[in-house]
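Since the structure comes first, as structure tokens, the remarks are kept for the end.
The values are calculated or read from the model by the stated rules, or taken from the named source; none is laboratory data. Predicted model, so just to flag it, every value in this text is computed and none were measured. Note that we place each Cβ from the backbone using ideal geometry, even for glycine, and neighbour counts take in every protein chain shown.
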Amino acid sequence: METLYNFLEKNSLYIVLIIVLLVWIGIFSFAYKLDKKVKKLEESIKE
Amino acid sequence: MKNFWKFLLFVLMTIVIIGTFVPPIVQYPKSFFEFPLIPGLEDKARIIFFHVPTAWLTVLAYLLAMFYGIRYLKRKDMYDDIKSVSAAALGFVFCILATVTGSVWAKFTWGSFWHWDPRETSIFILLLIYGAYFALRSALDSEEKRARLSAIYSIIAFLTTPFFIFIMPRLMIGLHPGSLEIDPATGQVRASSNPVIKFEMAANMRVVFFLSLIAFTILFFWFWNLAHRILKLEHVSQKEI
Amino acid sequence: MNEIILRVRELKKNFNRRLVFDKLNFEVKSGERLVITGKNGSGKSTLLKILAGVLTESSGSVEYILNQKKIDRENIYQIIGLVSPYLVLYDEFSAFENLSLFAKIRNLKISDDEINKILTRVGLLERKNDLLRTYSSGMKQRIKYASAILHNPLILLIDEPTSNLDIEGKNFVEDLILNFREDGFVIIATNESQDFKYGNRIINLDEYKNNKNK
Amino acid sequence: MKKIFYIFYKDFSSELRMRFALNALIMFVVVAVSTILFSLGSESVAPNVYAGMFWVVVFFSAMSGLSRVFVSEEERGTTLILSLIANPVTVFLGKFLFNLVLIFFINSVIALLYMFLFQEFLIQNWNSFLLAYVLGNFGISASSTIIAAIISKANVKGTLYPVLAFPVLLPLILMLIEITKSAMEGNPISDVEAELLVLISYDVVMITASILVFDIIWRD
């Protein structure tokens with residue numbers, strides 16, 4: 001943990017990378033949620 | 001024509017990602033793709049292209065949620081409520097993102113995850129308001145009541161925001177760019193002299209920054225559009241049963 | 001002599017997905033007595049609450065026009081009296097206290113004697129100082145009538161007029177409805193066929209559920 | 001005007017008859033203050049900590065007591081009769097008045113307890129403290145009343161109340177802490193002029209907005 005912290009402190013570009021990845025995770029999970037809702041809708045229409 | 005926006009988003013976001021990572025940071029930039037060095041920030045200055053847009057979308061989403069809430073109160077159209085709640089849901093996601101990305105970055109720049117700087121406090125309050133909004137919605141079982149009361153709550157909660165924007169920076173020491181500080185000599189409020197806080201973007205950074213804002217805004221409207229269309233379909237399909 | 005008109009236009013109410021009634025249109029004028037009927041759950045009580053201005057409609061409009069002037073929604077309460085099974089009075093107060101509080105909140109210039117007179121009319125004079133908590137359901141029904149006629153309203157909305165009442169109480173209700181002030185009107189929501197005789201017009205809410213023929 | 005008073009009077013006399021709310025509230029205050037007393041022991045802390053603790057206790061007492069005005073009507077089913085005898089603005093102002101009197105009472109109890117129990121809770125500038133006290137009570141009462149009206153229509157009333165009220169009351173509480181701290185340090189009132197102006201505008205905005213939107217909440 002300590003080494004990781006030191007590494008990130010020295011190579012701060014990776015912090016930006018982490019932040020971009022976090023934003024991507026957020027966007028992805030929202031899209032995933034939407035997808036699940038569409039599936040539920042499709043099932044309810046089939047019935 | 002309708003798909004134009006999606007392509008634009010694709011192109012812009014690609015430019016933004018390249019613009020975030022590729023340009024080297026040098027002390028004295030000579031060519032257009034070099035970013036100037038800011039002491040104390042270095043590579044971390046690049047966060048601005050991803051962190052600020054999430055914070056901006058949090059606010060935009062709140063305003064939209066409130067706008068459609070008020071429109072619901074005026075027209076009693078259930079679809080206005082659907083638009084309002086979809087905007088709030090997206091806003092909630094971006095609010096969490098803005099908080100988390102900010103605090104990760106703060107750990108490495110300011111030393112700890114949380115500082116209660118005015119902007120941090122405001123985003124925290126927004127997070128609480130979003131949380132309260134959804135808690136309220138889940139506690140109301142009649143659709144009309146839910147739409148009406150959550151719209152009202154969004155208005156009441158909004159009334160406190162001018163305080164956070166205009167007054168709090170006077171009370172607390174800010175760490176975000178553009179914060180004010182108290183001049184130790186005269187006791188007057190002045191713009192901070194700390195290089196991180198004084199932070200001004202070079203022209204080329206500014207271009208990437210605004211492209212990023214545009215890209216994220218398009219992304220937001222696209223997702224919002226999808227979300228409220230899906231909710232609307234859900235609403236219609238339930239009505240038939 | 002006042003002239004009051006109630007105008008209901010394209011009134012619609014639904015609770016979530018369930019349509020209660022739709023496309024309801026009618027007018028009631030001074031001197032009329034309207035009976036609203038329909039199966040259980042057909043929305044009689046809901047309609048009365050909307051007419052009394054305490055429940056919002058889903059769409060459509062309800063207007064009261066007094067001497068050619070439209071009455072604001074906020075002031076409808078001054079000309080309406082409502083009796084309903086949903087009505088609950090403050091049971092930590094006595095009958096007399098309830099009425100005198102209502103009179104004060106309504107800002108009526110009404111003396112204690114007049115309140116006593118109303119209590120006599122509904123037959124509660126002897127028990128007027130008992131807390132409502134101790135009242136039987138029939139007595140509670142009577143005190144509701146007292147609270148509804150306290151301010152001498154132009155319009156009386158009565159939901160299930162004779163529920164829980166004995167013969168004496170029923171006679172009082174009959175007298176109240178048939179001899180109601182001539183410049184006002186009465187709307188009665190009921191399922192009891194014996195109450196139909198009070199109305200000179202009947203609306204059956206079951207006919208306003210046209211979600212099927214849509 | 002009279003009508004508003006009589007709505008207040010109705011709640012007041014009904015509260016006197018039943019009394020359980022008031023007793024519970026006073027007990028709550030005593031328990032909260034004594035918890036702080038125990039945890040502090042004989043240590044002395046900075047004035048801003050005292051100021052903060054003071055308003056935190058006020059906030060939580062408000063959260064446990066001020067929702068009753070609407071929740072009790074809704075629970076007993078008397079909302080209907082109340083909306084039949086008065087227009088919404090009157091009802092709101094009556095309830096607001098009741099909460100105002102209640103918060104003034106609770107707040108005075110808390111302030112007295114603080115002054116007796118904590119030697120270091122010394123107000124040096126009474127003017128600014130009293131102004132904060134009065135303006136703060138108005139603000140707390142306005143926000144809590146309108147939020148009480150919202151939650152009285154919800155299914156889970158108790159837990160929801162602080163959740164909804166906290167973000168709305170937070171700016172007010174922060175201001176109040178700031179002014180109280182300054183009053184304890186004995187700074188002149190001109191130091192907290194800006195804060196006092198914010199308090200006034202908060203009160204005005206909240207009361208006006210509440211009156212405007214209450215009608216929509218009140219009618220089912």
Find the helices (runs of 4 or more DSSP H) located wholly in region C:105-214 whose residues include 2 or more that are within 20 Å of C:ARG33 (Cα to Cα), and list them. C:137-149, C:167-178
Within region B:201-223, is even one residue surrounded by fewer than 19 Cβ atoms within 10 Å (Cβ to Cβ), modelled with pLDDT of 90 or more and of a type outside the set (A, V, I, L, M, F, W, C)? yes
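Can C:ILE188 be described as buried (at least 19 other Cβ atoms within 10 Å of the Cβ) and within 29 Å of C:THR37 (Cα to Cα)?
Working: buried (at least 19 other Cβ atoms within 10 Å of the Cβ): yes; within 29 Å of C:THR37 (Cα to Cα): yes.
Taking the combined requirement at face value, the residue satisfies it.
Taking the stated definitions as given, is A:PHE30 facing chain B (nearest Cβ under 8 Å), free of Cβ contacts under 8 Å to residues at least 60 places away in the same chain and among the aromatic types (Phe, Trp, Tyr)?
Working: facing chain B (nearest Cβ under 8 Å): yes; free of Cβ contacts under 8 Å to residues at least 60 places away in the same chain: yes; among the aromatic types (Phe, Trp, Tyr): yes.
Taking the combined requirement at face value, the residue satisfies it.
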Residue check for D:SER13: free of Cβ contacts under 8 Å to residues at least 12 places away in the same chain and either among the charged types (D, E, K, R) or surrounded by 13 or more Cβ atoms within 10 Å (Cβ to Cβ) (or both): yes
Show the residue pairs meeting these rules: Cβ distance below 8 Å; 6+ apart or different chains; first residue within region B:137-164 and part of a loop (DSSP other than H, G, I, E, B); second residue among the basic types (Lys, Arg). B:LEU140/B:ARG146; B:LEU140/D:LYS153
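So is C:TYR64 more than 11 Å from chain D (Cβ to nearest Cβ), under 19 Å from D:ALA86 (Cβ atoms) and either exposed (fewer than 14 other Cβ atoms within 10 Å of the Cβ) or touching a strand residue (DSSP E or B) at 6+ places or on another chain (Cβ under 9 Å) (or both) or not?
Working: more than 11 Å from chain D (Cβ to nearest Cβ): yes; under 19 Å from D:ALA86 (Cβ atoms): yes; either exposed (fewer than 14 other Cβ atoms within 10 Å of the Cβ) or touching a strand residue (DSSP E or B) at 6+ places or on another chain (Cβ under 9 Å) (or both): yes.
Answer is yes for this residue.
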Within the set of pairs 6 or more residues apart or between chains, which connect a residue that is more than 12 Å from every other protein chain (Cβ to nearest Cβ) inside region B:215-226 to a residue that is surrounded by 18 or more Cβ atoms within 10 Å (Cβ to Cβ) with Cβ atoms less than 9 Å apart? B:THR217/B:PRO53; B:THR217/B:LEU57; B:THR217/B:LEU60; B:ILE218/B:LEU9; B:ILE218/B:LEU12
Strands (runs of 3 or more DSSP E) contained entirely in region C:9-79, each with at least 3 residues that are modelled with pLDDT under 90, over 17 Å from the mean Cα position of the chain (by Cα) and closer than 22 Å to B:LEU140 by Cα: C:18-29
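For (1) polar (S, T, N, Q); (2) surrounded by fewer than 20 Cβ atoms within 10 Å (Cβ to Cβ); (3) over 22 Å from D:TRP218 (Cα atoms), each residue gets a yes or a no:
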{"position": "D:VAL31", "(1), (2), (3)": "no, yes, yes"}
{"position": "D:ALA51", "(1), (2), (3)": "no, no, yes"}
{"position": "D:GLU75", "(1), (2), (3)": "no, yes, no"}
{"position": "D:THR79", "(1), (2), (3)": "yes, no, no"}
{"position": "D:PHE96", "(1), (2), (3)": "no, no, no"}
{"position": "D:PHE104", "(1), (2), (3)": "no, yes, yes"}
The conditions are (1) under 19 Å from B:VAL100 (Cα atoms); (2) more than 10 Å from chain B (Cβ to nearest Cβ), and A:LEU22 fails exactly one of them. Which is it? (2)
Selection from region B:18-53 of residues in a helix (DSSP H, G or I) and either touching a Gly at 6+ places or on another chain (Cβ under 8 Å) or more than 10 Å from chain A (Cβ to nearest Cβ) (or both) yields B:ILE18, B:GLY19, B:PHE49, B:HIS51, B:VAL52
What number of residues within region D:155-165 satisfy the criterion of being surrounded by fewer than 23 Cβ atoms within 10 Å (Cβ to Cβ) and either out of contact with any Phe, Trp or Tyr (no Cβ under 8 Å at 6 or more places or on another chain) or free of Cβ contacts under 8 Å to residues at least 40 places away in the same chain (or both)? 7
The condition from (1) more than 7 Å from every other protein chain (Cβ to nearest Cβ); (2) part of a strand (DSSP E or B); (3) of a type outside the set (Val, Ile, Thr) that C:LEU82 misses is numbered (1)
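For D:ILE150, state whether it is more than 14 Å from D:ALA62 (Cβ to Cβ), facing chain B (nearest Cβ under 8 Å) and surrounded by 24 or more Cβ atoms within 10 Å (Cβ to Cβ).
Working: more than 14 Å from D:ALA62 (Cβ to Cβ): yes; facing chain B (nearest Cβ under 8 Å): yes; surrounded by 24 or more Cβ atoms within 10 Å (Cβ to Cβ): yes.
So D:ILE150 passes the test.
Results for (1) part of a helix (DSSP H, G or I); (2) loosely packed, with under 13 Cβ neighbours inside 10 Å; (3) of a type in the set (Val, Ile, Thr); (4) at pLDDT below 90, shown as yes or no for each residue.
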| position | (1), (2), (3), (4) |
| --- | --- |
| A:LEU4 | yes, yes, no, yes |
| A:PHE7 | yes, yes, no, yes |
| A:LYS36 | yes, yes, no, no |
| A:LEU41 | yes, no, no, yes |
Six or more apart or on different chains, Cβ under 8 Å: which pairs go from a residue in region C:87-101 that's at the interface with another protein chain (Cβ under 9 Å from one of its Cβ atoms) to one that's assigned to a helix (DSSP H, G or I) and among the aromatic types (Phe, Trp, Tyr)? Could you list them? C:LEU101/D:TYR6; C:LEU101/D:TYR9
Scanning region C:39-54 for residues that are closer than 12 Å to C:ILE76 by Cβ and in contact (Cβ under 8 Å) with a residue 40 or more places away in the chain, the one surrounded by the most Cβ atoms within 10 Å (Cβ to Cβ) turns out to be C:LEU51
Of all residues in region D:186-212, count the ones that are surrounded by fewer than 22 Cβ atoms within 10 Å (Cβ to Cβ) and either within 18 Å of the chain's Cα centre (by Cα) or within 14 Å of chain C (Cβ to nearest Cβ) (or both). 11
Do we find a residue being in contact with a Gly (Cβ under 6 Å, 6 or more places away or on another chain), modelled with pLDDT of 90 or more and of a type outside the set (Asp, Glu) anywhere in region D:153-163? no
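This table checks each residue for (1) surrounded by fewer than 17 Cβ atoms within 10 Å (Cβ to Cβ); (2) touching a Phe, Trp or Tyr at 6+ places or on another chain (Cβ under 8 Å).
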| site | (1), (2) |
| --- | --- |
| B:SER31 | yes, no |
| B:GLY40 | yes, no |
| B:PRO53 | no, yes |
| B:ARG71 | no, no |
| B:ALA98 | no, no |
| B:VAL104 | no, yes |
Requiring at least 2 residues that are in contact (Cβ under 8 Å) with a residue 12 or more places away in the chain and either of a type in the set (A, V, I, L, M) or under 24 Å from D:PRO171 (Cα atoms) (or both), the helices (runs of 4 or more DSSP H) wholly within region D:40-104 are D:47-65, D:68-76
Picking from B:LEU73, B:LEU128, B:LEU57, the residue that is in contact (Cβ under 8 Å) with a residue 24 or more places away in the chain, under 27 Å from D:TYR161 (Cβ atoms), of a type outside the set (Lys, Arg) and out of contact with any Asp or Glu (no Cβ under 7 Å at 6 or more places or on another chain) would be B:LEU73
